[in-house]
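Visitor: Below is a structure I'd like to ask you about.
The values are calculated or read from the model by the stated rules, or taken from the named source; none is laboratory data. Keep in mind it's a predicted model, so treat the numbers as computed, not measured. FYI the Cβ positions are ideal-geometry reconstructions off the backbone, even for glycines, and counts take in every protein chain you see. We work out accessible area using only protein heavy atoms, side chains counted, and drop any ligands, DNA or RNA first. Shrake-Rupley method; radii C 1.70, N 1.55, O 1.52, S 1.80 Å.
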Amino acid sequence: MPHARRLAAIASLALLAAVSAYAGPLQDDLIARRSRVMEQLSPETLAIFWSAPTRVYSHDVEYEYRQDSHLLYLTGIDQEETILILMPGNPVRREILFILEPDPRREHWNGHRLTPAEATAQSGIETVMTVKEFEPFIAAMFSRQPRGDAAEYDPFLSALEAGRAKLALLLEPQQNLSTPAGPARRFALDLRERFFGFTVEDARPIVSNLRQVKTPYEQEIMRKSVAISSQAHKAGMRAAAPGKFEYEVEAAIEEVYLRNGAMTWGYPSIVGSGPNATILHYNRSSRRMEPGDLLLVDAAANFQGYTGDITRTYPIGGRFTREQREIYEIVLAAQEAGMKAVSAGAPTRDVQAACDRVLRAGLVTLGLVIDPEGQQFKIWATHGAVHMIGMDVHDVGNRRAFEPGMTFVIEPGIYIRQAALDALPRTAENVAFIEKVQPMVDKYKDIGVRVEDSFLLTTGGLERLSSAVPRTVDEIEQFMKKF
Ligand SMILES: [Mn+2]
């Protein structure tokens, strides 16, 4: 570009920055996310998205606030009592944000509330009202008496008059008819009692489908989030030693989160040694580790609203026993097989099937399973091997095929528990099975192994975001030797 033109371009950029207070890569992405949602809603729709409620921890103390993931995805606003309205048919004000009104006394106790200008800067939404104005706004819309410029809302109001309007909400999944309706469903029911001319639509599939494929901006945050978690796992490995407690490993891990600006975990850390490694969601972290134990650590940070998911299993003292190693190699081989089954267009169940084949064959070889064909091996391989990751550790996602931009885990596991055998109903078949495998269960008793990595599929192929954490038997033993 010639020099003079470049100067002109810089001048006009500066002017743009002055008028748009929200310029930034996140805000650009948020604007694009909302546009994509609105493309899939009809112009005759009014869509409402609420923030998550606050939750009491005990007495007058609240849990740390966790924003609703869909609202955070659409607004970037992490403040309670926030509501987003989308009206895709409006010629100008298609997005309206409602936030808490200022309250100097409450703000002295609980901190600053976003001003409308700050809310605009964070979300890229120009029209900001207070949450007190939400109900009057809804009443005015549905009674077709908007304040101000009625032409602005004409597509929705005309549709309402013609009986074609739509109210789109994130409807709570309804398991069966006797389940009480959640807040969004109750809101819809109340509104239907008072107003006419509209049907209710579930916006959940639209937002969930968008969230399942990460934007380039989100992919960058996921890379950073998983990089912090990877560093944390290595700190955990350094802290693990005979005589130490599980919570000391947890402390070493979570310290790395905070030191890197990941303000909390993506899910509570699982740090289980010895028999605790066989408890899938073990959360007490209170056992003192002994030489010869395996330690299973499943942990990841929440960085800017995004979480990876990583599990490593390693020997306290630095060397796998022969039995631990035999189980470990099967799980690792299953994960490798799963990775090979990933490609754009392949269904996620192919990855599960690839993991299952290796797990089943390996367990048959060790004599822990007799049936080389069926589901018998699931007594030791008890959970699924694939799920999406993102704003939630078990992120939104249906069973559609892999696409570039998806982030997910592959996490096979084997857990040898006497209790699993004991719980089997004493059918003739089970009695024969128990008799056959009991000696091997004694041999491998209380060994729990999971290997889990966070992946991003790009057009270039599969990216293992957690590749910095030692994973093979050799890598782990080498790493543990150094500390
Ligand atoms: Mn997982």
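Visitor: Efficiency by 1/(1 + (r/R0)^6): what FRET value for Ala344 and Met263, r their Cβ-Cβ distance, R0 = 30 Å, to the nearest 0.05?
Guide: Values: r = 34 Å, r/R0 = 1.13.
Given R0 = 30 Å and the Cβ-Cβ separation, E is 0.35.
Visitor: Keeping all protein chains in place, calculate the accessible area per residue for the chain (probe 1.4 angstrom), answer in Å². Before the final figure, lay out each step's value.
Guide: Values: 23170 Å² over 483 residues.
Spelled out: the 1.4 Å probe surface of the chain, per residue, equals 48 Å².
Visitor: Helix 246-259 against the longest principal axis of the chain: what's the angle in degrees, Cα atoms only, rounded to the nearest 10?
Guide: That works out to roughly 30 degrees.
Visitor: Mind jotting down the three principal axis lengths of region 224-337 based on Cα atoms? Whole angstrom, largest first.
Guide: Computed over region 224-337, the largest-to-smallest principal extents equal 41, 36, 22 Å.
Visitor: Now a separate question. Considering only protein heavy atoms and a 1.4 Å probe, what is the carbon-and-sulfur percentage of the accessible area of the chain?
Guide: Working: 12510 of 23170 Å².
The C+S portion of the solvent-accessible surface of the chain is 54 percent.
Visitor: Could you give the nm distance between label points at Lys132 and Ala468, where each point is 7 Å from its Cα heading toward the beta carbon?
Guide: Between Lys132 and Ala468, the simple spin-label model gives 4.8 nm.
Visitor: Moving on. Quick one: 3J(HN,Hα) in Hz for region 111-124, Karplus 6.51/-1.76/1.60 with θ = phi - 60°, rounded, Gly and Pro as x.
Guide: Calculated HN-Hα couplings, in order: x, 4, 9, 4, 7, x, 5, 5, 5, 5, 5, 6, 9, x Hz.
Visitor: While we're here: Between Gln174 and Tyr63, what is the FRET efficiency for a Förster distance of 35 Å, r being their Cβ-Cβ separation, to the nearest 0.05?
Guide: On the way: r = 26 Å, r/R0 = 0.74.
For R0 = 35 Å, the calculated efficiency reads 0.85.
Visitor: Follow-up question, since we're still on this one. Based on the mean of other beta carbon atoms within 10 Å per residue, what is the order of 470-476, 263-269, most packed first? All intermediate terms of the calculation are to be shown ahead of the outcome.
Guide: Numbers: 470-476: 16.0, 263-269: 18.4.
Final packing ranking: 263-269, 470-476.
Visitor: Rounded, prolate or oblate: which fits the chain, taking a ≥ b ≥ c as square roots of the Cα gyration tensor eigenvalues, rounded meaning a/c under 1.5, else prolate when a/b beats b/c? Can you show the working numbers first?
Guide: On the way: a/c = 2.14, a/b = 1.78, b/c = 1.20.
Prolate.
Visitor: Taking the radius of gyration and the Kirkwood hydrodynamic radius from Cα positions alone, what is the Rg/Rh ratio for region 347-478, to two decimal places?
Guide: Values: Rg = 17.3 Å, Rh = 16.7 Å.
Using only Cα positions, Rg/Rh for region 347-478 is 1.04.
Visitor: Starting from the amide H of Ala301, placed 1.01 Å from N in the peptide plane, find each other amide H under 5 Å away whose residue is 5 or more places distant or on another chain.
Guide: Those lying under 5 Å, H to H, from Ala301 are Ser229, Gly266, Gly308.
Visitor: Quick one: Cα centre-to-centre distance for region 352-413 and region 54-126, in angstrom?
Guide: When both Cα centres are located, 38 Å separates them.
Visitor: Taking amide H positions as placed 1.01 Å from N in the peptide plane, with prolines and chain starts having none, which residues 5 or more places from Val200, or on another chain, fall under 5 Å of its amide H?
Guide: It is Leu167, by chain and number.
Visitor: Give me the distance in nm between label points sitting 7 Å out from Cα along the Cα-to-Cβ direction at Tyr217 and Leu421, one decimal.
Guide: Once both label points are built, they end up 5.5 nm from each other.
Visitor: Still on this structure: Please state the shape class of region 40-179: rounded when a/c is under 1.5, otherwise prolate if a/b exceeds b/c and oblate if not, all from the C-alpha gyration tensor. Could the numbers behind the result be given before it?
Guide: Details: a/c = 2.16, a/b = 1.42, b/c = 1.52.
Taking the square roots of the gyration eigenvalues as a ≥ b ≥ c, region 40-179 is oblate.
Visitor: Please say if region 214-480 is rounded, prolate or oblate, where rounded means a/c under 1.5 for a ≥ b ≥ c the square roots of the C-alpha gyration tensor eigenvalues, and otherwise the choice is prolate for a/b larger than b/c and oblate otherwise?
Guide: Working: a/c = 2.02, a/b = 1.24, b/c = 1.62.
Since a/c reaches 1.5 but b/c is at least a/b, the shape of region 214-480 is classed as oblate.
Visitor: Note down the accessible area of Glu326, probe 1.4 Å, to the nearest 10 Å².
Guide: The accessible area comes out at roughly 50 Å².
Visitor: Then there's this: Can you give the calculated 222 nm mean residue ellipticity of the chain, where each DSSP H run of n ≥ 4 adds -39,500 (n - 2.57) and the sum is split over every residue, rounded to the nearest 500 deg cm²/dmol? Don't skip to the end; give the middle numbers.
Guide: Numbers: 16 runs with 199 residues, N = 483.
The helix contribution divided over the chain gives -13000 deg cm²/dmol.
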